[in-house]
Amino acid sequence: MRLSSLFISLIALLLAAGLCLVAASFAVTAVETRTEIDVRELLDKSDHTWAEVQADGLKVILSGTAPDEAVRFSVKSLIGGIIDAARIIDAMQIKAQADIVAPRFSVEVLRNDSGISIIGLIPSTTDRLALMKQLRRIDDDGQVSDLLQVARYPVPRGWQDAMGFAVVALDRLPRSKISVTAGQVVITAISESIEAKRRLEAELTRAAPPGLRLALDISAPRPVITPFTLRFLIDSNGARFDACSADSVATKAQIMLAAKQAGLERAAECTIGMGAPSPTWARAAALSIRALAKIEAGTVTMSNADITLVAQDGTDVARFDRVIGELQTSLPPVFALHAILPQPVDEAGTTGPSEFTATLSPEGLVQLRGRVSDASLRDMTDAYAKARFGSDMVYTASRIVDGLPANWPVRVLAGLEALSYLVNGSVIVTADTLVISGISEREQASSDIATLLAAKLGGAGTFALDITYRKLPDPVDLTPAPDVCEADLAAVQTDAKISFEPGSATIAAGALDTMNALADILNKCGEIRLEIQGHTDSQGREGMNQSLSQARAQSVLNELRSRRVITSTYVAVGYGESTPIADNGTEQGREDNRRIEFRLIRPDLPLDMTATPEATPDSVAQEAGTEPEVTEDVAEEATEQETVEEVEEEAVEETAVESEEDPAPTETDDTTSEDPESDQPAPQQSDAEDASNGQN
């Protein structure tokens, strides 16, 4: 009985433990489920649907792939607001990020009268100091504002070409903005004139490296027109302009509309410029043209604020008076009108017309005939014509007559000056008018002559123009490409290289014909950026070879100058023995290495300054921050010749010292003879090698 009671107690205890375990299990499951639901709802409300939640007892395990570290941290902080942070197990992963994209390298360069400013991002491998030196050489005052930043990323393709060309372009454009990116240069600049704009566009286009995208926006200022002139006429050939000026596109359109209404059928040019005497210029011009159209024939000339309207012979007097009256009433107050109605000429009792004639033949021969007022005017016209057309091209047969108008000398001289605008034509001066006709190769000849006569004759002066424009044939550009020039220079030395006197920088007499041929090629090539390179073999000391190669390159530059070659874009550089093209162990190889080469300076060279060979005195002065003194060519060549002679003397002295220090003639390897730190004594060269060293 006693055993049975103990067994029952044990069974009851086990049942109670089991029931507790089951109850605890249900309680843990309920807590985990409730925790997961609460956390899941919080994540969904915060749009973190990517996160997964798993409850393990009192612990909460977060998993999933977060977009970035910031999002992962925000999720952990969010859950920490409802659950103790110690219970949170972070098993979240971070999404793999792509590599950081390289930045876009770009530079903006601004140049004006205040100096040069450069800003942008450049690769860290760019030689920044060399770039700044190049920019300081461009600006006379050396005012360069450096606002550049660098980044350690690979240099993009086309960056060096674009940056090098930008430096070249900046040197030619004193007022400009240049934008540089890899493979592209955008230039915005102001030129001095239309001609300068066209020249700069041609030069920059030619200098651009192959493959570079170049955008040019070069503007030219509007010309100052003085006097501000307009001349419109209507005759049997129709309506046309001899000269037209406007101060804006809008006023030009207003003038052209009035001309078309007056009968202008063909296209006409109207120069837009500065110098209009009044803001109402276009209105006055349109009123004057419409008034001439009402008269039906004649000319109207505007010179600044003076307007001269000349009707054709036979114009109805009543209509002329009415039209002129209406025009005088309508014109703005600043303008003055001179109206001329020619009167019929009574030819009874006349002794011949008062007329002066000057003709210009296609060959350039000028004949002066007709009447002048006195001997002084005859001598003056003869001297003026000879000064304009050449003393051997003028024939004078004018006659002195009394009673000519007081302004006759002015009309005659103005007519001769107008004749100089033509290549073939004539000038007829009468008491009433001045008639100029002929052919000109200047597109704006009619406008220029009309402006000239309006200024010389005054507002009331009358003249007639019949000028035909003959276009000049397009010039043939015979200038070879720079690459062709480089190849031609190399080809000349293939047949006969430039040789020097042994051990010196004096060009041998046998090489003078080669120098003549090189000078002829360079004169045809024009202005190219060229490096004259001097090279030697490896015989002798490295320092002596460097100095000798520099002196020889400078001697070639001096010889080209003496042959009238423009060398302002050339530079002489000595490379010594650093760039052989053949084996220095053989006689033929050493002969090939002793040479002069002509190489084009590419636009990217200003940024590639890692190895700077010895330069000319001018370049040394520029790197020191000073400008070389500008002297006469003779003095400059004399100074350079003295430098060459000093280098030659040093070479001779060093050769003599080597001969004294090396007693035994033995054959050596180039590497051992050139090692200054070798413990073994440097052996002396053989007689044959010593002779070749003299030719080095």
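Here, each number is a calculation from the coordinates, and none is a lab measurement. Since the structure is predicted, the reported quantities are computational estimates derived from the model, not experimental observations. Cβ placement follows ideal geometry from the backbone for every residue including glycine, while neighbour counts extend to all protein chains displayed.
Show me 570-580, 301-311, 401-411 ranked by packing, highest mean number of other Cβ atoms within 10 Å first.
301-311, 570-580, 401-411
Hey, how many Å between the Cα centroid of the range 380-401 and the Cα centroid of the range 1-65?
Between the Cα centres of the range 380-401 and the range 1-65 lies a distance of 126 Å.
Using amide H atoms built 1.01 Å from N in the peptide plane, name the residues 5+ places from Glu52, or on other chains, whose amide H lies under 5 Å from its own.
Distant-sequence amide H within range of Glu52: Ser63, Gly64.
In nm, to one decimal, how far is the Ile61 label point from the Arg199 one, both placed 7 Å along Cα→Cβ?
Taking the two extended label points, one gets 8.3 nm.
Could you check the spin-label model distance between Ser5 and Arg40? Points 7 Å from the Cα along Cα→Cβ, value in nm.
Output for this residue pair reads 5.4 nm.
Can you figure out the FRET efficiency of Leu216 with Asp113, using R₀ = 35 Å and their beta-carbon distance, to the nearest 0.05?
Taking R0 as 35 Å, the efficiency between Leu216 and Asp113 is 0.95.
Quick check on packing: order 10-22, 208-220, 585-597 by the mean number of other C-beta atoms within 10 Å, highest mean leading.
585-597, 208-220, 10-22
So if each residue of separation counts as 0.36 nm, and I subtract the Cα-Cα distance between Ser124 and Ala16, what length gain in nm does that give?
31.0 nm
How big, on average over all directions, is the shadow cast by the Cα convex hull of the range 47-111, in nm²?
Averaged projected hull area, Cα only: 7.3 nm².
Show which lysines lie in cross-link reach of Lys294 when reach means a straight Cα distance below 19 angstrom and same-chain residues fewer than eight apart are skipped.
Within the straight-line limit of under 19 Å, Lys294 reaches these lysines: Lys260.
Going by average Cβ neighbours within 10 Å, how do the peptides 132-141, 535-544 rank, with the highest at the top?
Ranking, from highest mean packing down: 535-544, 132-141.
Tell me, in nm to one decimal, what length is gained between Asp374 and Ser562 on full extension, where the rule is 0.36 nm per residue of separation less the Cα-Cα distance?
62.3 nm
Need one word for the range 262-375: rounded, prolate or oblate. Basis is the Cα gyration tensor (sqrt eigenvalues a ≥ b ≥ c); a/c below 1.5 gives rounded, then a/b vs b/c decides.
Cα axes put the range 262-375 in the oblate bin.
Computed FRET efficiency, Cβ-Cβ of Tyr395 and Ala496, R0 35 Å: what is it to the nearest 0.05?
E between Tyr395 and Ala496, to the nearest 0.05, is 0.05.
Between Thr329 and Arg152, what is the label-to-label distance in nm when each label sits 7 Å out along the Cα-to-Cβ direction?
My value for the distance between the label points is 8.7 nm.
For Ile581 and Ala267 in the same chain, what is the full-extension length gain: residue separation times 0.36 nm, less their Cα-Cα distance, in nm?
Gain in length upon complete extension: 106.6 nm.
Gap in Å between the Cα centre of the range 508-538 and the Cα centre of the range 179-231?
For the range 179-231 versus the range 508-538, the Cα centre distance is 33 Å.
Compute the FRET efficiency between Asp84 and Thr188 as 1/(1 + (r/R0)^6), taking r as their Cβ-Cβ distance and R0 = 60 Å, and round to the nearest 0.05.
After rounding, the FRET efficiency stands at 0.35.
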